[in-house]
Amino acid sequence: MSDPLINWKSFDLHIENFLPGIILASEMVRIAPSVKNVFPDMSNSIINATLAVALFYAIGLLNALTARFVIDSISERWVRGLVFDKLVHGDRSNLAQRLKEKDSDFRADLNCEINEHNRRQRTAEWNAIYRWALRSVDFNKKEEVVRRRAQGRLVRGLVFPGMLAVFILSDILFSKLGYAWSTALPYVASVLSLAYGITAYAYAELMNMAEAYDITLLSKFGSKT
């Protein structure tokens, strides 16, 4: 009998790639109509439909890889620490000190963050705490954590499609104003959309950590090894 958790992960992985791929393909056609000729006509045959689906998936996969590199890097270096500082129910320094005393893996991870990746102390500690919480998830919470992480990856995968969507809609809206400066507004709106998307992804990471382990227990008692 197959593991339902594996089936869920497999299905989710396809959605994470396919959905952003469809959105991006539509946006590419809107921005550059000649791109439409690249996509097979899905109404002609099953083969064309299959090729179109494969192309959407490939676009989504490239988007996922790019988002993994860009969005994760920005979140790890800056945004995650800011969001965690504001919303985690626990003092970062106290949490890190307790974990350094009780977990050798955490100490190694933290040292790697500071010495090899040259992260600032706050950023390094939150990154190490986040990964420790995911490693420490209880078995009965594992499936929910997997689902939440999948949701977080989907949020990350939709950041660039969302930014393009905002650019297209803003361009349509602001082009009617007729002012010279209005041409810059779609770019400003896109940057704001990117900032919102990265912040939303950092919040999704916070939800992952909250589901994986109740940080308040560690803050009060240091109860889990």
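What follows draws every value from the coordinates through simple rules; no lab data is involved. It should be emphasised that the depicted structure is a prediction, and the values quoted were computed from it without experimental measurement. Ideal geometry is used to build each Cβ from the backbone, glycine not excepted, and the neighbour counts take in all protein chains shown.
Using just the helices of the chain, give the 222 nm mean residue ellipticity in deg cm²/dmol: DSSP H runs with n ≥ 4 each add -39,500 (n - 2.57), and the total is spread over all residues, rounded to 500. Helix-only estimate at 222 nm: -24500 deg cm²/dmol.
Taking Rg and Dmax of the Cα atoms in Å straight from the coordinates, which label in [x] 21.2, 65; [y] 17.2, 54; [z] 20.3, 73 is the correct one? Answer by label: [x]. Between the alpha-carbon centres of region 68-120 and region 121-171 there is a gap of 15 Å.
Each other residue within a Cβ distance under 9 Å of ARG77 adds +1 if Lys or Arg and -1 if Asp or Glu, for a net charge of +2. Quick one, could you list the DSSP H helices from the chain stretching 18 Å or more along their long axis (Cα atoms) with average Kyte-Doolittle hydropathy of -1.0 or above? Counting only whole DSSP H runs, the qualifying helices are 4-31, 46-74, 121-135, 159-174, 185-212.
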